[in-house]
1. Per residue, what accessible area does the stretch 176-288 have, given a 1.4 Å probe and all protein chains present, in Å²?
2. Mind putting a number on the dipole of the chain about its Cα centre? Charges go on the C-beta only, +1 for Lys and Arg and -1 for Asp and Glu, and I need it in Debye to the nearest 20.
3. I want to verify the translational diffusion coefficient of the stretch 237-382 in µm²/s; compute it with Stokes-Einstein, Rh as the Kirkwood radius over Cα pairs, at 25 °C and 0.890 mPa s.
4. Distance between Cα centroids, the stretch 9-83 to the stretch 245-271: provide it in whole Å.
5. Would you please put 76-83, 184-191 in order of how densely packed they are, using the mean number of other Cβ atoms within 10 angstrom per residue and starting with the highest?
6. Could you list which residues have their amide H under 5 Å from that of TYR158, counting only those 5 or more apart in sequence or on another chain, with H placed in the peptide plane?
7. What does the charge count near LEU332 come to, summing +1 for each Lys or Arg and -1 for each Asp or Glu among other residues with Cβ under 10 Å from its Cβ?
8. Where only protein heavy atoms count, and the probe is 1.4 Å, what is the accessible area per residue for the stretch 12-125 in Å²?
Amino acid sequence: MRTFDGLDFYDLDVFLTEEEKLIRKTVREFVEKEVIPIIEDYNEKAKFPSQLIPKMAELGLLGAQLKGYGCAGLGANAYGLIMQELERGDSGLRSFVSVQGALVMYPILTFGSEEQKEKWLPLLQQGKAIGCFGLTEPDFGSYPSGMRTAAKKDGSSYILNGTKMWITNGSVADVCVIWAKTDEGIRGFLVEKGTSGVKTSDIKGKISLRASVTSEISLTDVKIPAKNILPKSEGLKSALMCLNQARYGISWGALGAAMACYHIALEYAKERIQFEKPIASFQLVQQKLAWMVQEITKAQLLAWRLGKLKDEGKIKPHQVSLAKKNNVWMALEVARMARDMLGANGTAYEYHVGRHMCNLEAVKTYEGTHDIHTLIVGEAVTGIPAYR
Ligand code: TGC
Ligand code: FAD
């Protein structure tokens, strides 16, 4: 099969700097060499390829969008291209980097004390520590403000009780950013590995994000020193600010999964013979390929423009919602179409499209479901929140 070379139907590469193209090339080569050959096996065994963490750290991919403490301080589109290339390999790999950079390092950098930053950011950037982000609970997913996890002040400590569910890297994390209700509203806490009263168990039997660790975290009378509160975190808003960062990355990541599926479907259609002709010669098949090109191109423009708004400091949460929702929907539709175009082969792991398709089902749900993002856009245009 022809080597993956992306899709650039509208010559959008002219918008990229030489540095951005070099970063894309570097991560693309890493994914081609280190991820694609092994990922089906890890997906089937439901294991995260943790041996890739030091390599990703060495490439500077962890917290690449942040400044200081060893982070690369890349612009938004360079960071987006990293997410795109990683998710071309697997959504689980992009998830790992999203959680580490956007959901753990970002809140420590933004809401943390100097001591917390110095302790954790270099370790997380070098991949020597793993982080996780605990917002969702068994009974509160789309509606995190209802959370039951509570932190009660007890002298110079807090006592945490509650359960967090569906937490990426929950059982392997050295530091968990846990969101809990206090007398002053929702605040973020750093819960370190080995703290007494913390129990984790991994969620088994997932049809999606199989090559990613997803866990339940239960907290029973967990005593946390007051110095482990994120001092500048204030209300649910602080947690939602982290989600903006991760949702931004997902809008780029989804492009990678979509481009992978398009590429595989195109190559397959040119080679697969039915009725004495390549299936690519049939109008219905060309219609599918043309739809993929059309939607990927529109999504690329959305992501690129969003990156520019981010760098200019003008980005709005509802703009991020529109891109997350559109680009993940688009990628899922592309993956489903590619799966169909490969016929029975599309159901076999070795053709990759089925894995991307299943992964994208979770991506459509996490970081705010497709429908919650619709309501966020709806609120932005009408001024009326329709969640309740
Ligand atoms: P609401 O009253 O609207 O908002 C509370 C305060 O927050 C402000 N706000 C935001 N601020 C920054 N960024 C945003 N995106 C914001 N959205 C809202 C808002 O202005 C308000 O501020 P203030 O000053 O008035 O206090 O809150 P609500 O309870 O009505 O809920 C709103 C809703 C539904 C949009 C929100 O809760 C939501 O986004 N729900 C979806 C939950 C979600 O996305 N969870 C994701 C968990 S993490 C995850 O999935 C990781 S996946 C890991 C991986 O990548 O592998
Ligand atoms: P629910 O909120 O119960 O929603 C169920 C359905 O109801 C959805 O279709 C939803 O759109 C719809 N719905 C809900 N409210 C409304 C409404 N007001 N109007 C219309 N429709 C509505 N969370 C973390 O905190 N950290 C993580 O690291 C993390 N990683 C994850 C990894 C994976 C693989 C998965 C699958 C999830 C992860 N999550 C994580 C959880 C994720 O954020 C939630 O699953 C998501 O926010 C949706 O919550 P829920 O599953 O409880 O669905």
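1. With all protein chains present, the stretch 176-288 gives 45 Å² per residue.
2. In total the dipole reaches around 620 debye.
3. Rounded to a whole number, D works out at 153 µm²/s.
4. Each part reduced to its Cα centre gives a spacing of 14 Å.
5. 76-83, 184-191
6. Those lying under 5 Å, H to H, from TYR158 are ILE224, ALA226.
7. Here the count lands on 0.
8. It amounts to 37 Å² per residue over the stretch 12-125.
The values are calculated or read from the model by the stated rules, or taken from the named source; none is laboratory data. Just so you know, these numbers come straight off a predicted model, no measurement behind them. Neighbour counts run over all protein chains shown; Cβ positions are idealised from the backbone, glycine included. These area figures cover heavy atoms from the full protein model, side chains too; ligands, DNA and RNA do not enter into them. Shrake-Rupley method; radii C 1.70, N 1.55, O 1.52, S 1.80 Å.
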